[in-house]
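Each remark here refers to the structure printed beneath this line.
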Amino acid sequence: MSWKNRDAVTVYSLGGVVAILAGVVLWNNAQPEWSGYQDEFRELVTRKFGPARARQAASGIQQIWVRELGRVDRCTTCHLGEDWKGLEGASEPYRSHPKGILEKHPVAKYGCTICHGGQGYATDMEAAHSVGNDNWGEPLLGGELGKANLISNREALIQVNCNICHRNDRETPGADYINYAKKLVDQKGCYACHTIGKRGGAVGPNLTYIGDLAPEQFDYSRMSGKPSVFGWHVAHFKDPKQAVRETVMPNFGFGSKEAQALAMLVMSWKRTNLPLAYMPGVKIPEPQRSPEEIAKEQQMLTGAGAFFVKKTCFICHDVSSFGIESATKIGPDLAVAYSDVQSRFGRTLEDFLKAPTGTMSVVLSTQIHLTESEREEAIAKLKVAYQTKTEQDAKNKIARK
Ligand code: HEC
Ligand code: HEC
Ligand code: HEC
Ligand code: HEC
Ligand code: HEC
């Protein structure tokens, strides 16, 4: 071979290498993201269980179609180990799914997104997880969003979706944030001002389907940080006046855990049109009052303070000198209102009840209607309550001496 020919061979073979490299690059670009995961999954299964099992690994786009829910979820195109045994320790997206939860909600009947959120139809990760999605359309309620929202249990957000179905449970195993928030709603007396379901007050907005409010329906102007519905609720629960200047919603002194749990709960209060088979049996239709509470109310209806029970003032106020006890104690003890109003507002009680300010102005214009004579009655009774209180205090002093 002459030198000239040799050069030609070199040139041609170099050209060939370049062409092959270019082909490899193009091929890789043309390969969808999921096929890389499927190759890796097959390698993983080969290593762990041998080549025979690896041939059973799914290939191509996978989907779960749940006709009843109108959902097509392709998550298992990448999350290939979801229904495999023995991959509990594998890394994502190959890990076996935690088992207990899917026994109660079989994948064939539920798919994935009804619990996890995300875009079921998408086959690339960014679109499927959709976490960058600020508007809470349907982002994956997973670790990344949990971290961004500073939730100490990063996986907790999924519980919003659990409670869309499990709303009527008093407690749902596996939904600890939601369970905690349901307790808070009872303890703090949110019903005193809000209708939730079939009962409650009218001082604040009806919350029955508050989870349906769109992100654009919130005012973020008084908030710091990235605007989101979840962030708005957390800030509002921590300090209602910081979020809504004129509000009469009390500051309950909630910390982050309480505010986050309540935000999850109220966001789950959505209308659903799920087929009945997907709605857990209604165990407790609405939070109910215990027999003790009802007995106590009957007893209070017969004493000197009956007026305050009949007019439902006792939902928020004790009138301690009359033995009236409020479950919520949202407002001050009315036994001392006669002098307290004078020192707090610089006005007489008569004046205050005829032209109230703040919470009472909203209460008496939205929730409790007092006629002219009922206002007089309230004033007169509160005078007596105060006298009684003074006498009781004096007696107690003597008794203690
Ligand atoms: C293109 C491949 C792909 C698709 C499609 C995909 N995922 Fe993932 N998923 C991954 C990978 C890779 C990880 C691990 C890395 C990570 O979390 O960023 C992961 C992690 C997760 C995690 C655990 C991490 C967390 O944030 O809690 C969940 C849950 C999850 N995916 C759910 C889903 C659901 C639901 C769908 C369908 C809507 C889906 N994925 C679709 C690739 C995919
Ligand atoms: C009934 C609700 C429900 C359904 C349906 C469901 N999951 Fe899950 N999934 C859960 C719960 C609960 C966890 C545990 C979360 C945690 O870590 O606390 C979980 C965990 C996961 C994880 C691991 C995240 C982690 O923290 O390790 C992935 C990935 C995942 N699911 C994907 C899927 C896929 C894919 C489907 C559909 C084939 C699916 N899930 C269906 C409720 C569900
Ligand atoms: C699409 C509606 C739906 C979603 C979403 C859902 N569930 Fe369920 N769940 C049901 C139904 C229906 C049952 C069966 C209830 C029955 O038999 O009364 C059930 C049963 C259960 C049970 C067993 C209850 C019992 O009394 O034995 C638990 C625990 C549970 N779900 C927890 C969860 C958790 C945790 C999540 C979120 C990760 C979740 N569910 C998401 C509908 C749903
Ligand atoms: C003294 C009356 C009062 C009590 C008690 C009260 N709220 Fe409110 N709440 C209001 C008023 C008034 C508003 C409307 C102004 C605002 O957004 O703060 C409101 C607004 C809200 C909103 C926002 C509604 C919307 O349409 O934007 C939520 C959610 C809420 N309250 C939940 C609760 C919860 C949960 C509790 C119990 C922990 C509670 N509230 C206790 C009076 C009250
Ligand atoms: C939904 C809860 C709620 C109901 C129901 C309610 N109040 Fe109030 N009330 C409050 C709150 C909260 C305050 C404290 C307002 C403030 O500090 O601005 C208050 C303050 C008052 C005060 C001033 C007390 C003081 O010591 O400063 C009087 C008087 C009063 N209420 C009377 C009544 C009467 C009478 C009724 C029944 C007709 C009633 N309230 C029903 C929540 C309520």
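Of note:
- Options E155, E103; residue that is within 9 Å of ligand 1 (Cβ to nearest atom) and either assigned by TED's automatic domain parsing to the domain that holds E68 or closer than 16 Å to I178 by Cβ (or both): E155
- Some residue of segment 85-92 being more than 10 Å from ligand 3 (Cβ to nearest atom) and closer than 26 Å to Y278 by Cα: no
- Within segment 93-141, restricting attention to residues that are more than 16 Å from ligand 3 (Cβ to nearest atom), of a type outside the set (D, E) and without any contact (Cβ under 8 Å) to a residue 12 or more places away in the chain, the residue that is surrounded by the most Cβ atoms within 10 Å (Cβ to Cβ) is N133.
- Verdict on I294 being surrounded by fewer than 15 Cβ atoms within 10 Å (Cβ to Cβ) and either closer than 30 Å to L370 by Cβ or not hydroxyl-bearing (S, T, Y) (or both): yes
- Whenever a residue of segment 57-70 is within 29 Å of Q31 (Cβ to Cβ) and touching a residue at least 60 places away in the same chain (Cβ under 8 Å), its partners that are assigned to a helix (DSSP H, G or I) and not polar (S, T, N, Q), lying with C-beta atoms within less than 9 angstrom and at least six residues away or across chains, give the pairs I61/W34.
- Residue match in segment 330-347 (condition: touching a residue at least 60 places away in the same chain (Cβ under 8 Å), within 16 Å of ligand 4 (Cβ to nearest atom) and in contact with a helix residue (DSSP H, G or I) (Cβ under 7 Å, 6 or more places away or on another chain)): yes
- Looking at K226, K257, just one residue is within 19 Å of the chain's Cα centre (by Cα), of a type in the set (K, R), surrounded by fewer than 17 Cβ atoms within 10 Å (Cβ to Cβ) and assigned to a loop (DSSP other than H, G, I, E, B), and that residue is K226.
- Residue satisfying all of: in segment 151-196; within 14 Å of ligand 4 (Cβ to nearest atom) and β-branched (V, I, T); nearest to S365 (Cα to Cα) among these: T195
- Boolean, G197 is touching an Asp or Glu at 6+ places or on another chain (Cβ under 7 Å) and within 15 Å of ligand 1 (Cβ to nearest atom): no
- Residue, surrounded by the most Cβ atoms within 10 Å (Cβ to Cβ), within segment 297-326, restricted to residues that are closer than 17 Å to T388 by Cα and charged (D, E, K, R): D318
- Helices (runs of 4 or more DSSP H) fully within segment 81-168 counting 3 or more residues that are farther than 24 Å from Y209 by Cα and more than 16 Å from ligand 5 (Cβ to nearest atom): 99-104, 107-110, 125-129, 143-148
- Among the criteria (1) of a type outside the set (G, A, S); (2) part of a loop (DSSP other than H, G, I, E, B); (3) at pLDDT 95 or above, the one N179 does not fulfil is (2).
- Residue-level analysis places V185 outside the set of residues that are away from ligand 1 (no atom under 16 Å from the Cβ) and assigned to a loop (DSSP other than H, G, I, E, B).
- Residue within segment 198-212 that is farther than 25 Å from K329 by Cβ and either part of a helix (DSSP H, G or I) or acidic (D, E) (or both) present: yes
The values are calculated or read from the model by the stated rules, or taken from the named source; none is laboratory data. These numbers were taken from a predicted model, which means no experiment stands behind them. Cβ: placed from backbone, ideal geometry, glycine included. Neighbour counts: every protein chain shown.
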